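Input: a single structure, listed below in structure tokens.
The values are calculated or read from the model by the stated rules, or taken from the named source; none is laboratory data. Because the structure is a prediction, the values reported are computed rather than measured. Here the Cβ is made from the backbone with ideal geometry for all residues, glycine too, and neighbour counts use every protein chain on show. Areas reflect the complete protein model, heavy atoms only, side chains present, ligands, DNA and RNA absent. Shrake-Rupley method; radii C 1.70, N 1.55, O 1.52, S 1.80 Å.
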Amino acid sequence: MPSTAKAAASASTRATTPKCRGSKNFCGAALDARPPKPHPAKTMKDLASTFSAANAAVFAKLGLDPKHADVRRSDRPDLGEFQANGALAVAKAAGKKPQEVAQSVAAEWSATELSPAPSIAGPGFLNFKVTTDALTKRAQFVADDPLAGATPVERKRRVVVDYGGPNVAKGMHVGHLRASIIGESVKRIYRFRGDEVWGDAHFGDWGFQMGLVITALEDELGGFDDEAKLDARLKALTLDQLEAIYPAYAKRVKEGDIDVRDRARKATAALQGGSALHRTIWKAMHDVSMAAQKRDFASLGVDFDLWLGESDADPLIPGMVEDLDKKGLLEDDQGARILRVANPGETKKKKRYDGSVVEVESPDPLLVVSSEGSAMYGTTDLATIVQRMRDQKPDLILYCVDQRQADHFEQVYRAAAKAGYAQRDQLEHIGFGTMNGPDGTPFKTRAGGVLKLQDLIGQADEKARERLRENEIGADFSKEEFEDVAHKVATAAIKFADLSNFRGTSYIFDLDRFMSFEGKTGPYLLYQAVRIKSILRKAEEQRLKAGPIAIEHESERALALALDAFDGALRAAYDKKAPHFLAEHAFNLAQAFSGFYTNCPILPSEGAVRGSRLALAAATLKQLTLTLDLLGIDVPERM
RNA sequence: GCACCCGUAGCUCAGCUGGAUAGAGCGCUGCCCUCCGAAGGCAGAGGUCAGGGGUUCGAAUCCCUUCGGGUGCGCCA
């Protein structure tokens, strides 16, 4: 991997950066953040859950283990709408043939309001078809429910989602895209289900990179003795300059400039040691960077409840180190202080520089204090856990950070558990893969450099404008509306493309494909939603009202089943911290609506049928808009 | 060297707490606009689930192994 790409990748891995000490948000802002939506008095489970409960009752009555009674949507629509495979699993324990078990379940089936007794196929699969009555009730519930059929969590938790993490020494680049997109979605999903959630930017504003940039400035000014000169320089500092300075000096260190490295380490230690001069310089850099970061996040539709950074945890570090020391967890090692996290017997083989292989503990110890006396990022992460436990008192902290940092988080989490700062299962790394270029390696510009996030968004906006013009959309829009729609299309394209893949795998960034208005893309989903809005607007103009839902046509059944599936997708996304389940649902719903739209005329129909179809269309729009919102995607009024 | 992840249709990807004929989008072939937005719908062709072995009534899914790719491995974050 070229060094530039490697540097970009590693820089993108952690969202760390500035902080806003002094601003009011230290712990107050989070507490008055949007409250979870009120839970409706009445909730209704989805059909799969209702089926599973009914089937579990039958299993229990027959003396079969109810845990194998789960019912899910069928993958053989020709045989049924829902299926249960449990008869095969429990047959051996029951000492019967799967077929016999299935037959006894079918014979015992009594939830006839939900479905007639299941048919049996193959070796013992149970196939169910929902009664029109049950399906209609469910669809009507979804249509009337403010949560569109979603169920809140049973036990509310306090959750901090750590994502974003740009480095203040430079602007945001493509490496920050996934953390922002996935983290934002995870935050919304958790909050929507009723948890109390804080999104924290966790800016990277406190490590070696700050000492490095300070050192570069020292070289530029020939020292910091001239106060007026320094002051003027800091006032004139721009992000562009910062972005040019950092990579240049990072490269020098990387290429073996020991002098720069050592001076930067000392500067880092001085900053952390409270040097007023270093603090002043740091503050100027921080402020310049912060303004740009906020702009970039805003253009992505990403918002935080806590705009904190590594530096905010700094005041806790001395006390924490003392505490760790008191607990006997620290050891001196080559001038540094480390905390061992491996359990007895956990080792790995390691090749040394001289080629010899030694057996060492695994995971590696956490480096808490460097030989220079400064804090490392693991130290800061550990202190941040202490801070969050004190301020937000979370039940769970989710770290939405590049998968490549898995080892690091394992070290930090183990250290936190050993020190008693948090329980191991309260800390979870939500890792994701890299965003790659057409060649399958981490994304970079044609010149081989790192693409700035702002430039990426600019390219996407331009592509969106082209697409809109090609399709003759927006000719009658005001300039403002056209720009707004183009940006929404661009954002939807990028976010949906990202979130429709499982977060753990890497994907290839292909703007042309993402921006297509056809197929499984963000723009297609926006189109579907906008088309429904258009229909409902026309209905309103004609003073047509939605009425009770009545399901008759096959396409109406399919749409109702799709609407029913929302909660299952939501719960999967929540449990696995994986928004792609919701992306998949959005697409399935849009397709089901398209089939319905083609086969079941809405406005051209009449009376009760039209009322029902309008209700189905409105329910679809509500749920689709909500699902997209959980993915962080905004739908325009028209396009 | 050691560890983790990945290898599914021409392409991009789902599926992997084992279950019926392995799915979707794009691309390809063919139908469907006097009718609410065809940015759509319908149908079809296309796959030794990288290879081999094992467990099981049953494996893309679990275990072992080979090959191929990615990533990580103490004073960067």
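The table below lists the values:
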quantity: Square roots of five times the Cα gyration tensor eigenvalues for segment A:567-606, Å; calculated: 30, 9, 5
quantity: For chain A: Kirkwood Rh in Å [reciprocal of mean 1/r, alpha carbons]; calculated: 27.5
quantity: Mean accessible surface per residue for chain A, computed with a 1.4 Å probe while every protein chain stays in place, in Å²; calculated: 44
quantity: Partner lysines for A:Lys229 [C-alpha distance under 20 Å; skip if fewer than 8 residues away on the same chain]; calculated: A:Lys283
quantity: For segment A:208-300: Kirkwood Rh in Å [reciprocal of mean 1/r, alpha carbons]; calculated: 13.7
quantity: Relative contact order (%) - criterion: Cα under 8 Å, at least six apart; region: segment A:453-630; calculated: 23
quantity: Cβ crowding within 10 Å averaged over residues, with A:466-474, A:125-133, A:207-215 ranked highest first; calculated: A:207-215, A:125-133, A:466-474
quantity: Accessible-area composition of chain A, carbon plus sulfur, in percent [1.4 Å probe]; calculated: 52
quantity: Rounded to the nearest 10 Å², the accessible area of A:Tyr249 at probe 1.4 Å; calculated: 30
quantity: For segment A:495-554 and segment A:201-232, distance of Cα centres in Å; calculated: 49
quantity: With all protein chains modelled, accessible area of A:Trp307 [1.4 Å, Å²]; calculated: 40
quantity: Cα-centre dipole for chain A with unit charges at Cβ (Lys and Arg positive, Asp and Glu negative), debye to 20; calculated: 1160
quantity: A:Tyr399 long-range amide H proximity, modeled H, under 5 Å; calculated: A:Asp162, A:Glu428, A:His429, A:Ile430
quantity: For segment A:47-130: relative contact order, % (alpha-carbon pairs under 8 angstrom, 6 or more apart); calculated: 27
quantity: Restraint check, A:Lys187/A:Lys520; A:Lys350/A:Lys393; A:Lys187/A:Lys488; A:Lys42/A:Lys545; A:Lys187/A:Lys266; A:Lys488/A:Lys577, Cα-Cα greater than 29 Å; calculated: A:Lys350/A:Lys393; A:Lys187/A:Lys266
quantity: At R0 = 45 Å, FRET efficiency that the Cβ-Cβ distance of A:Ser516 and A:Ala107 yields, to 0.05; calculated: 0.30
quantity: Against the rule of thumb 2.2 N^0.38 Å, how large the Cα Rg of segment A:453-630 comes out; calculated: 1.10
quantity: Under 14 Å, Cβ to Cβ, from A:Gly522 - net charge with Lys/Arg +1 and Asp/Glu -1; calculated: -2
quantity: Förster-model FRET efficiency, 35 Å R0, A:Asp219 and A:Arg404, C-beta, rounded to 0.05; calculated: 0.65
quantity: Euclidean distance between Cα centres, segment A:358-386 to segment A:388-427, Å; calculated: 14
quantity: Probe 1.4 Å - accessible area at A:Phe59, Å² to nearest ten; calculated: 0
quantity: Peptide ranges A:447-459, A:425-437 listed from the most packed, as the mean C-beta count within 10 angstrom indicates; calculated: A:425-437, A:447-459
quantity: Percent of alpha-carbon pairs separated by more than 17 Å within segment A:47-130; calculated: 34
quantity: Relative contact order of chain A, defined on C-alpha pairs under 8 angstrom at six or more residues apart (%); calculated: 16
quantity: Residue-count net charge about A:Lys452 - beta-carbon cut-off 13 Å; Lys, Arg +1, Asp, Glu -1; calculated: -1
quantity: Helix A:258-273 vs. chain A, principal-axis angle (Cα, 0 to 90°, nearest 10); calculated: 70
quantity: Within chain A, percent of DSSP bridges classed antiparallel, to nearest 5; calculated: 55
quantity: With Cα atoms, 0 to 90° folded angle of helix A:47-61 axis to chain A main axis; calculated: 70
quantity: Listed residue pairs exceeding 18 Å between alpha carbons, taken from A:Lys170/A:Lys251; A:Lys97/A:Lys129; A:Lys463/A:Lys495; A:Lys463/A:Lys622; calculated: A:Lys97/A:Lys129; A:Lys463/A:Lys622
quantity: Simple spin-label estimate for A:Asp259 and A:Asp78 in nanometres, 7 Å along Cα-Cβ; calculated: 7.8
quantity: By average C-beta atoms within 10 angstrom, highest first, the peptides A:329-339, A:561-571; calculated: A:561-571, A:329-339
quantity: Inter-label distance, nm, simple model (7 Å from Cα along the C-beta direction), A:Lys350/A:Asp575; calculated: 3.9
quantity: Spin-label pair A:Ala60/A:Lys229, simplified geometry with 7 Å Cα→Cβ offset, distance in nm; calculated: 8.2
quantity: FRET efficiency for A:Glu359 and A:Lys418, using Cβ-Cβ distance with R0 set to 25 Å, rounded to 0.05; calculated: 0.70
quantity: Distance histogram for segment A:120-263 (every C-alpha pair counted, 5 angstrom bins, percent rounded to whole numbers); calculated: 2, 8, 10, 11, 10, 9, 8, 8, 7, 6, 4, 4, 4, 4, 3, 2, 1, 0
quantity: Space enclosed by the convex hull of the alpha-carbon atoms of segment A:579-639, per residue, Å³; calculated: 86
quantity: Angle between chain A longest axis and helix A:3-12 axis [Cα atoms, degrees, rounded to 10]; calculated: 70
quantity: Solvent-free Debye scattering, log10 I(q)/I(0), computed from the Cα coordinates of segment A:394-446 at q = 0.14, 0.22, 0.27, 0.31 Å⁻¹; calculated: -0.47, -0.78, -1.01, -1.17
